[in-house]
1. Residue by residue, what Karplus-based ³J(HN,Hα) values in Hz, rounded to whole numbers, does region 341-356 have, using 6.51, -1.76 and 1.60 with θ = phi - 60° and x for Gly and Pro?
2. Order of 203-211, 374-382, 435-443 by packing, highest average Cβ count within 10 Å first?
3. Could you list which residues have their amide H under 5 Å from that of Tyr339, counting only those 5 or more apart in sequence or on another chain, with H placed in the peptide plane?
4. Of Asp65, Asp106, which has the most accessible area with a 1.4 Å probe, and how do the rest follow in descending order?
5. According to the Kirkwood expression over distinct Cα-Cα pairs, how big is the hydrodynamic radius of region 331-374, in Å?
6. Could you give the spread of the C-alpha atoms of region 345-404 along their three principal axes, from largest to smallest, in whole angstroms?
7. Please compute the per residue accessible area over region 302-364 with all protein chains in place, 1.4 Å probe, rounded to a whole number of Å².
8. Would you kindly work out the equivalent ellipsoid of region 378-439 from its C-alpha gyration tensor and give its semi-axes, the square roots of five times the eigenvalues, largest first in whole Å?
Amino acid sequence: MTDPIEPSTSCGTTVIHPRREPFDHGLLPIQKLIFSDPTQSLTALKKKLLDSSSNHRVDSAAISDSLQISTDHAKLLLDTLASVHHSDSEPLVRNEPGQNDAVGADVHDLVLLLYIQSYKRLLPRSHKDSASVADVWPSTSAFDGYFSALSPLQLMRSNSRRFMPSQADEEAHQLLYLQKHLGNILSLLAEPGEGEGEGEESLVLTMDRFEHLGFLVQFGDKAEGNCLSQSSPFFANSDPDMPAVPVPLAQVHDWLMQNITSALEHISERTSAKENGPASATDQDVAMTDACTVSAKSSTSTRDSSFIEGISKSSYVKHASDIKGSSVKVLNCQESTIYVLAPLRYAIVYGCSDATIVLGAVGKAVRVEHCERVHVIVAAKRICIANCRECVFFLGVNQQPLMVGDNHKLQVAPYNTCYPQLTEHMSEVGILPTVNRWNETLALGMLDPHDSLSHPAGVSDAQAESATCVDPDQLTNFVIPNWLVGESTGSTKDNPFALPDAYAASQLRNVLPISLFETSVSTHNSPQSQGEPEFCCFGITYESTC
């Protein structure tokens, strides 16, 4: 018998964590991707796909045929896998938008993404006023049934905020999911060994197959460069010139289960200490006198994310030097203008209302959820919009915008701003300025099977509401104030995304009257007031050429 292997949880630096990205950005509300018996179904699917491929990689045609889904949905699956993959050396990740079929998806990564489609997000603890918020316009939805009972600021300040899942709650929930399904997940990566034994007892994991688990878990706090095998006692320090010896599946299972159990205990101890000790600045309910004090509203997570939370009736800016990590979450902000002028991998905008949010360049994925009357301006590879109302999205995106859930009265428009480092930031994270699919929205299901909240009956097959395009004559350029960047912002005419013909023609029609106006008043203006004509409304500066 082999000696038991101790979990790698010493000093808190090698604690196992679930990777957030597949759970935050990788779940698609497509019913055919969710299996009642994922192990049996995906084992057969894996075999079929591997038999059809000579290099363990498959394109959208093979995926469409095997899963009996449309080609568009198969391509979406490839795009989604690329956006949440853990390795920057993966060919699918390095590919340019629209070229994923040229390299295809690794079958084992694809199977893992399909497996976690059975995941359900953490159910919020019962709301004390649930009966009073159940019957609201236009229907009982995830948004209406829980989140819109209070405004974002009220939610942040009230006791009800304690009903919302914390980051630790979500991590524990994801770890419990992985703990429950670990045996099935490992069996999908295993292969028969050469020794004695039959069935599951003979299964082994090679180093290559073990590395695929990095799609779902990581050790330590840094997601980039996540080489899972070097954190394990099985393959660490293996000779790169010699193939590592495969490890019995049961041994890998036991070791991972020990690590997950230790991580759950670590979260429980940390949560208990926080509840019993003095609350930190970021955990306390914010007093009314602090509602406009923006300096206390931003925090940095040890898990490679920055948080901007609870900004109210203010302007707030973060530059690249202010971002600790590669992702940002903007949460529960109200009647404010938020600028995140930085290159990012991921971004989430959640629970905001009556705000304008400018995200610099997001190279992987953006998710905007449970927002009302928000303007979002973003250059990104992809964006998913869920359960939003009366929002406008000014987009420079390389992939089709996804519309999921219970959306109402959304509008999309071409990207409409610029700042001095934008082109550099886009290049850094791999966004192409020559590709903008802002108006090619793809509406998926209105019912999100990953959402644990209740939904109205009879909408399981309903399609999410799509978005309308902003009228060309209504498009207004957004000017980022000079004081935010410490230098001239440059003209919004430096927008890296070319305007569509109809919008460009509208701008030209409006430039002449403004130019004549400038000429007529120039003798009355001081030198300091000259430059691009602007006007300000609710703290937001726009060019008046549109």
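The values are calculated or read from the model by the stated rules, or taken from the named source; none is laboratory data. Bear in mind the structure is a predicted one, so any value in this text is a computation, not a measurement. No Cβ is skipped: glycine too gets one built from the backbone with ideal geometry, and neighbour counts run over all protein chains shown. Surface accessibility is based on the protein's heavy atoms, side chains included, excluding ligands, DNA and RNA. Shrake-Rupley method; radii C 1.70, N 1.55, O 1.52, S 1.80 Å.
1. 9, 8, x, 10, 9, 9, 8, 10, 10, 9, x, 9, 8, 6, 9, 10
2. Values: 203-211: 19.6, 374-382: 24.8, 435-443: 17.3.
Taking the mean over residues of other Cβ atoms within 10 Å, the ranking is 374-382, 203-211, 435-443.
3. Under 5 Å from the amide H of Tyr339: Tyr316, Val317, Lys318, Val358.
4. Asp65, Asp106
5. Working: mean 1/r = 0.0947 Å⁻¹.
One decimal place: 10.6 Å for the Kirkwood radius.
6. 25, 22, 16 Å, listed from the longest principal axis down.
7. Working: 1410 Å² over 63 residues.
I get 22 Å² per residue for this part.
8. The equivalent ellipsoid of region 378-439 has semi-axes of 23, 12, 9 Å.
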